[in-house]
Amino acid sequence: MNKIFLVEDDPVISKAVVNHLTMWGYEIKAAVDFGRVLEEFLAFDPQLVLLDIGLPHYNGYHWCEEIRRRSKVPVVFLSSASDNMNIITAMNLGGDDFIAKPFDLSVLTAKVQAVLRRAYSFQNSINFIEHGGVMLNLSDASLTFQDRKLDLTKNDFKILQILMENAGHVVSRSDIMTRLWESDSFIDDNTLTVNMTRLRKKLEEAGMRDFVVTKKGLGYLIP
């Protein structure tokens, strides 16, 4: 399990980030004493640090420099001070990425995974596809949107995977049928329609209306 150390002064943001990343399988610890961030970092020994700039006692730049003297662990800055000067300073001090507040938790998760992929070669890392705030987890065949996790059937998962892999492009019915049943022969065309109807109902009930669009005579599209 990948370990993430969060240094965030806003308790509301901190709680939301901890809950969301925990749901995605990360072990995450939030800093408790902002005067002893380095000690807490060394004791936890994480694979990634999420670091706010505006902190009590010392700012995030100070702690990034302290961490960099002892570790090459990836550091991702989180801050509402997202002007060019702050971003450049963060990168020059050893930051690996910069996420401006306010941010979408799904985007945060995607950025975290991208940084971990670049920094390490974890074979058991969570793989996912993200589009428009909707995240398809390839490890457990689930879908997450606005902190709600949906369990998918085998066909739900395969349909969403091929559509999200080709987001912005129409996928033909025959291509989807081949993906679902390994063949587009001897399959009643209505079977795909039934599967699509059930999937769309599930998505709509979770607040994802029109996530999948029908292109009459062509196929389906996630715009």
Quick check on this structure: which one of Ala119, Ala110 is on the phi < 0 side of the Ramachandran plot and at pLDDT 85 or above? Ala110
Can you tell me which of (1) surrounded by fewer than 16 Cβ atoms within 10 Å (Cβ to Cβ); (2) touching a strand residue (DSSP E or B) at 6+ places or on another chain (Cβ under 7 Å); (3) not hydrophobic (A, V, I, L, M, F, W, C) is the one Arg117 doesn't meet? (2)
Yes or no: the stretch 10-28 includes at least one residue that is of a type in the set (A, V, I, L, M, F, W, C), crowded, with 20+ Cβ neighbours inside 10 Å and in contact with a Gly (Cβ under 9 Å, 6 or more places away or on another chain). no
Can you find, within the stretch 71-86, the residue that is surrounded by the most Cβ atoms within 10 Å (Cβ to Cβ) among those that are modelled with pLDDT of 90 or more and among the hydrophobic types (A, V, I, L, M, F, W, C)? Phe77
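Quick grid of which residues meet (1) surrounded by fewer than 17 Cβ atoms within 10 Å (Cβ to Cβ); (2) under 17 Å from Thr22 (Cβ atoms):
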{"position": "Asn92", "(1), (2)": "yes, no"}
{"position": "Asp97", "(1), (2)": "no, no"}
{"position": "Pro102", "(1), (2)": "yes, no"}
{"position": "Thr109", "(1), (2)": "no, yes"}
{"position": "Val112", "(1), (2)": "no, yes"}
{"position": "Phe128", "(1), (2)": "no, yes"}
{"position": "Leu136", "(1), (2)": "no, no"}
Is it fair to say Ile129 is on the phi < 0 side of the Ramachandran plot and either in a loop (DSSP other than H, G, I, E, B) or touching a strand residue (DSSP E or B) at 6+ places or on another chain (Cβ under 9 Å) (or both)? yes
Subset of the stretch 32-46 [under 22 Å from Tyr120 (Cβ atoms) and either crowded, with 19+ Cβ neighbours inside 10 Å or of a type in the set (Gly, Ala, Ser) (or both)]: Phe41, Ala43, Pro46
Quick check on the stretch 64-75. Is at least one of its residues outside the structural domain of Leu138 (by TED's automatic domain parsing), charged (D, E, K, R), touching a Lys or Arg at 6+ places or on another chain (Cβ under 9 Å) and assigned to a loop (DSSP other than H, G, I, E, B)? no
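For Asn137, state whether it is within 30 Å of Val73 (Cβ to Cβ) and modelled with pLDDT under 80.
Values: within 30 Å of Val73 (Cβ to Cβ): yes; modelled with pLDDT under 80: no.
Here the answer is no, as Asn137 does not meet what is asked.
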Look at the stretch 1-28 and say how many of its residues are farther than 16 Å from Glu40 by Cβ, touching a helix residue (DSSP H, G or I) at 6+ places or on another chain (Cβ under 7 Å) and of a type in the set (Phe, Trp, Tyr). 1
Give me the residue from the stretch 169-196 that is under 27 Å from the mean Cα position of the chain (by Cα) and modelled with pLDDT of 85 or more and, out of that set, surrounded by the fewest Cβ atoms within 10 Å (Cβ to Cβ). His169
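The values are calculated or read from the model by the stated rules, or taken from the named source; none is laboratory data. Quick caveat: nothing in here was measured; it's all calculated off a predicted structure. Using ideal geometry, Cβ is built from the backbone for each residue, glycine included, and neighbour counts are taken over all protein chains shown.
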